[in-house]
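The values are calculated or read from the model by the stated rules, or taken from the named source; none is laboratory data. If you're wondering where the values come from, they're calculated on a predicted model, not measured in any experiment. Cβ: placed from backbone, ideal geometry, glycine included. Neighbour counts: every protein chain shown. In case anyone asks, the SASA skips ligands and DNA or RNA and just uses the protein heavy atoms, side chains included. Shrake-Rupley method; radii C 1.70, N 1.55, O 1.52, S 1.80 Å.
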Amino acid sequence: MDRVQFNNMTVKQKLKWFFGYYGMTIAAVLGVCVVAVMLVKAVFWPQKAEDVCVLLYSDAVTQEDCALYKREIESRNTGKSASVQVCNISDPYGSQAFAAKVGCDLIDLVIAPEKEMKLMADNGFLLNYAPVEGSTMYMGIPKTAREGNLLEDVIDYLNEKIPM
């Protein structure tokens, strides 16, 4: 296209030509910029971990239960944040999600069936584990857990709340 043709085009035609010619380049540059910004943000300003992180592996506990546990834990300990997550046993990806979270996330307390707890203890992941009062579930403390009064309070609270 020569200069005379371009000058005779309407603004709408010029924009259509511009994005048709440079559109993929602009999209690629924007994509690289977004990825770079996200990487820099993740490296230099990481998300703050909660004060206590609990992971459950059960079909008896729902996401709504976890949200309730989180709210009640946070309301009992003013100024402290909590994370309570559940991976369902019956979910086809539940065991994979549980294994990934146990291996990668900061976890202060794990609640799961005895079979899983025994496996984690045999592999050296847990400091110790014990049955949840009045339940078939077991509660364990990973070696990487942050100790303190908050963890003890959460253990006491969840001993009362975990369903059979």
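List of remarks:
- For the pair Glu147 and Lys115, a Förster radius of 35 Å applied to the C-beta separation gives a FRET efficiency near 0.85, rounded to the nearest 0.05.
- As a length-normalised measure over Cα pairs under 8 Å and 6 or more apart, the relative contact order of region 16-98 settles at 29 percent.
- In angstrom, the C-alpha Rg and Dmax of region 91-164 are 12.1, 36.
- Overall, the accessible surface of region 1-43 at a probe of 1.4 angstrom is composed of carbon and sulfur to the extent of 72 percent.
- Residue-count net charge about Glu133 - beta-carbon cut-off 13 Å; Lys, Arg +1, Asp, Glu -1: -1
- Rolling a 1.4 Å probe across the protein heavy atoms gives region 31-97 an accessible surface of 66 Å² per residue.
- Along the chain, longest interval not containing exposed GluC sites (Glu not before Pro), exposed being DSSP loop plus at most 16 other Cβ atoms within 10 Å: 1-132
- Compared with the dominant Cα axis of the chain, that is its longest principal axis, helix 94-104 is turned about 90°.
- Legend: translational diffusion of region 1-106 by Stokes-Einstein, Rh = Kirkwood radius over C-alpha pairs, 4 °C, 1.567 mPa s; D = 69 µm²/s.
- Between 0 and 90°, nearest 10: helix 11-44 axis offset from the chain longest Cα axis: 30 degrees
- Relative contact order for the chain: 20 percent, from Cα pairs under 8 Å spaced at least 6 residues apart, divided by residue count.
- Ligands, DNA and RNA are left out, and with a 1.4 angstrom probe the accessible area of region 100-155 is 54 Å² per residue.
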